[in-house]
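Everything on this sheet refers to the single structure shown next.
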Amino acid sequence: MTAVPPKQQAIDRITELKEIISYHNRRYYVLDNPEISDEEFDALMRELTTLESAYPDLLTEDSPSQRVGGEAITGFVKVRQEIPMLSLANAFSPEEIQDFDRRVREGVSSSVSYVCELKIDGLAVSLRYEQGRLVRGATRGDGEIGEDITANIRTIRNIPLVLPEPLTLEVRGEAYMPKHAFARLNARREELGDPPFANPRNAAAGSLRQLDPKVAAQRGLAVFVYALGDATVPTPDKHSEVLQWLAALGFPVNPETRVYPNIEQVIAHIHWWAERRHHLPYATDGLVMKVDDLGLQRQLGFTAKSPRWAIAYKYAAEQAETVVTDIELTVGRTGTVTPTAVFNSVQLAGTTVSRASLHNEDYIREKDIRVGDTIVVQKAGEIIPEVVRALPDQRSGNEVPFHMPSHCPQCGEPLHRQPEEAAWRCVNPACPAQIQERLVHFVSRNAMNIEGLGERWIHQLLDAGLIRDVADLYHLSREQLFELDRMGEKLATNLLTAINHSKENSLERLLFGLGIPLVGEKAAKTLAVHFRNLDEIMMADLADLIAIRDIGPKMAQSIHDYFRSPGPQQLIQRLRDVGVNTSYLSHESATKRAIFVVENHDGALHAQTEDVGGETQNKSSRTPVAHQPFLGKTFVLTGSLAAMDRREAAEIIELLGGKVTDNVSKHTDVLVAGEKAGSKLNKAKNLITSGQQAHLKILTEEGFCTWLEELGVQLKR
Ligand code: IVH
């Protein structure tokens with residue numbers, strides 16, 4: 001324990017820490033380009049909270065330590081928006097966008113440039129800063145009266161709590177839940193027996209209406225800022241410049257924003273995003289076009305409901321009709337029996353879908369879904385397939401209503417349903433389906449990460465009677481592996497090495513891998529960091545567990561019960577006996593995958609993914625590349641490149657998430673033109689000038705390399 005410094009020293013250090021932390025917070029959450037490891041960040045935060053708890057009067061509301069959520073409140077206070085938060089008129093076809101442009105040009109009798117922004121599917125929020133400090137966050141409400149949600153807003157990591165200048169202004173934007181956070185939240189809710197959120201928008205809205213900010217803090221919300229509201233400061237003349245100015249102040253502004261000189265290019269932009277938007281990490285329901293010139297915006301003014309200078313283009317919600325061929329039952333690792341609708345495959349939001357969870361018996365009954373029914377399917381939040389409704393009008397009379405069986409479809413033991421739960425469970429710990437799922441979970445990437453040991457091998461190992469639980473994995477011999485169908489020398493060696501290697505994992509992987517009910521990856525990490533070794537966790541009483549931030553009473557009870565059951569206790573002893581590590585190893589948890597571009601022994605460049613972070617990272621020379629910045633982008637390489645050859649360039653692009661094709665087409669986003677580029681370059685220029693692919697970017701090799709370097713790729717030349 002470090003000694004508490006005298007007060008003046010604490011004041012200085014707190015000020016310094018707040019600045020350092022908000023700098024790194026911005027690099028991580030806004031720029032997606034962290035400079036330090038999670039471990040180092042946590043250490044700074046711990047130092048700050050230690051000082052703040054030693055001197056509680058130094059704790060202010062804008063401290064980054066408050067991101068985890070302060071005290072719960074009893075209700076939301078209504079707030080009035082000085083400038084109403086209006087809605088937008090909608091367009092559903094390119095023709096309606098052309099009509100909008102005609103109206104705009106008639107209104108201002110000049111040519112007009114438009115800013116195109118993604119329409120983020122979340123909820124509008126207003127953020128008010130006074131003297132550079134965030135003082136209020138509010139919902140839109142009816143546009144004039146919203147609700148004060150400041151305590152929840154402060155927990156959103158990419159919202160600056162303090163601005164670099166002491167400005168008084170209000171900004172507006174969309175609070176949203178990224179797709180991965182939505183999927184994680186719903187999976188957890190399902191495990192808890194809570195109804196899932198229908199889409200990320202509802203999930204974001206529900207999270208911001210929580211009375212306990214600690215709940216909102218855990219939901220992984222984010223914001224994109226898209227406008228200035230009430231502001232007394234002098235601002236630029238164009239909306240696009242306002243956005244740049246807001247970005248420079250540290251606000252998260254969506255990077256996909258573009259300015260176009262005419263409506264044809266705006267329409268090309270609409271087509272360009274139609275398919276690609278499904279691959280963004282957040283849900284969008286369209287695009288918003290705004291007149292760029294703020295003077296022209298003022299001339300155009302407003303109707304009663306919406307501005308005349310902006311319009312939302314809404315993509316049609318993607319739904320499809322198909323026929324249910326079966327309702328399958330799967331038994332999860334905790335024994336929950338989940339029905340899944342199997343249907344004739346359909347294309348939805350960028351992928352082929354043929355299955356959707358029906359969650360539980362009540363859900364099927366409410367929607368009255370029968371085998372043989374024609375149903376409407378969609379993807380909730382563009383990721384999770386769901387059955388919207390059955391179409392009873394299309395029934396022939398041969399459809400079969402669903403009945404939950406009274407016994408486990410896998411082991412035949414009776415199923416149980418707790419009065420307050422929606423799920424039926426198989427409580428037989430020896431149920432083969434549960435055993436298999438527990439094993440699959442244990443070896444999975446985010447748990448013990450035993451590479452190569454997928455579901456197929458687990459299935460075979462169980463079938464051959466070579467394993468019964470996770471501890472048996474560590475007793476497998478080469479000879480036993482050879483008994484398996486299609487097992488070769490090399491594979492057996494690799495599997496045994498991977499199994500052996502997993503003994504060295506840090507505690508949180510084991511904790512998550514054990515599959516303790518309600519303990520997800522994040523809670524496993526919290527427990528590991530807090531207790532440092534498994535013995536301490538096993539001995540912790542309920543009060544110790546509840547006292548930990550982020551561990552709620554239900555989860556604490558579950559952890560407590562798990563470690564007091566004889567089955568888990570014996571299993572853990574057997575894992576210890578084979579040498580599985582049960583301590584927290586700090587460097588491991590800070591490890592991340594990152595992309596570097598490195599030089600081969602022969603001097604050629606190539607891209608490589610590596611584990612970085614924590615104690616293993618050489619901080620002075622390497623910064624990982626932001627995650628897959630080229631996702632959804634198609635590149636063409638032409639001409640001769642000097643710094644790298646085409647194969648190397650293609651490898652780098654693909655590692656960054658992009659695609660490389662041979663020919664320039666309407667789908668090309670970037671053409672990298674080296675020396676002596678010829679016909680492909682001309683074709684690209686034609687596509688741009690004809691407006692068929694107004695987005696296409698032509699880069700020289702130098703421009704491409706600069707872009708890579710800006711993204712953090714280190715080109716060793
Ligand atoms: S501008 C007066 N820009 O869409 C103009 N809105 O139907 C105010 N939205 O309530 C809105 N992304 O919640 C604007 N880039 C964007 C947006 C956006 C999402 C939402 C916003 C608004 C609704 C309008």
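Computed packing ranks the peptides 192-200, 376-384 as 376-384, 192-200, most packed first, by mean other Cβ atoms within 10 Å.
With a threshold of 23 Å on the Cα-Cα distance, the over-threshold entries among LYS314/LYS659; LYS179/LYS238; LYS119/LYS238; LYS119/LYS379; LYS179/LYS214; LYS179/LYS522 are LYS314/LYS659; LYS179/LYS238. The distance from the alpha carbon centre of segment 151-206 to that of segment 34-75 is 19 Å, rounded to a whole number. What the chain shows is 48 Å² of accessible area per residue, with the surface traced by a 1.4 Å probe over protein heavy atoms. When +1 charges are put on Lys and Arg Cβ atoms and -1 charges on Asp and Glu Cβ atoms, the dipole computed for the chain relative to its Cα centre reaches about 840 debye. Measuring from each cysteine beta-carbon in the chain, the ones with no other cysteine beta-carbon under 4.7 angstrom are CYS116, CYS705. Stretching GLU82 away from LYS554 to a fully extended chain increases their span by 165.7 nm, per 0.36 nm per residue minus the current alpha-carbon distance. Model label points for GLU455 and GLU675, set 7 angstrom from Cα along the Cα-to-Cβ axis, are 5.2 nm apart. Give the aspartates and glutamates whose C-alpha is closer than 17 Å to that of LYS680, dropping any in the same chain fewer than 8 places away, or say none. Those aspartates and glutamates meeting the cut-off are ASP662, ASP669, GLU701. In this simple spin-label model, placing a label point 7 Å from the Cα along the Cα-to-Cβ direction at both ASP142 and ALA498 gives a separation of 6.0 nm. The listed residues MET45, MET177, once ranked by accessible area (1.4 Å probe) with the largest placed first, stand as MET45, MET177. Each part gets one Cα centre, and for segment 132-150 versus segment 504-539 those centres are 39 Å apart. Against the chain, whose longest principal axis is taken from its Cα atoms, helix 179-192 shows a tilt of about 40°. Once C-alpha pairs closer than 8 Å and six or more residues apart are averaged by separation and normalised to the residue number of the chain, the relative contact order reads 10 percent. Only protein heavy atoms count here; on that basis, with a 1.4 Å probe, ASP326 has an accessible area of about 70 Å². Beta bridges from DSSP with both residues in the chain: antiparallel share about 85 percent, rounded to the nearest 5. For the chain, the longest principal axis of the Cα atoms and the long axis of helix 679-689 meet at an angle of about 60 degrees. For segment 225-235, 3J(HN,Hα) computed residue by residue from phi via the Karplus equation (6.51, -1.76, 1.60; θ = phi - 60°) reads 8, 10, 6, 9, x, 7, 8, 9, 6, x, 10 Hz, glycine and proline entered as x. In terms of the Cα gyration tensor, with a ≥ b ≥ c the square roots of its eigenvalues, is segment 331-396 rounded because a/c is under 1.5, prolate because a/b exceeds b/c, or oblate? The shape class here is oblate. Overall form of segment 219-263: oblate. Here a/c, set by the Cα gyration tensor axes a ≥ b ≥ c, is 1.5 or more, and a/b is not larger than b/c.
With angles folded into 0 to 90 degrees, how steeply does helix 701-710 sit against the dominant principal axis of the chain? Use alpha carbons for both and round to 10. The angle comes out near 60 degrees.
Close amide H pairs (under 5 Å, H built 1.01 Å from N) link ASN90 with ALA312, residues at least 5 positions away or on another chain. Sorting the segments 539-549, 679-689 by their residues' average number of neighbouring beta-carbon atoms within 10 angstrom, most packed first, yields 679-689, 539-549.
The values are calculated or read from the model by the stated rules, or taken from the named source; none is laboratory data. Only a predicted model underlies this, so the values are computations on that prediction, with no experimental measurement involved. Ideal geometry is used to build each Cβ from the backbone, glycine not excepted, and the neighbour counts take in all protein chains shown. Surface accessibility is based on the protein's heavy atoms, side chains included, excluding ligands, DNA and RNA. Shrake-Rupley method; radii C 1.70, N 1.55, O 1.52, S 1.80 Å.
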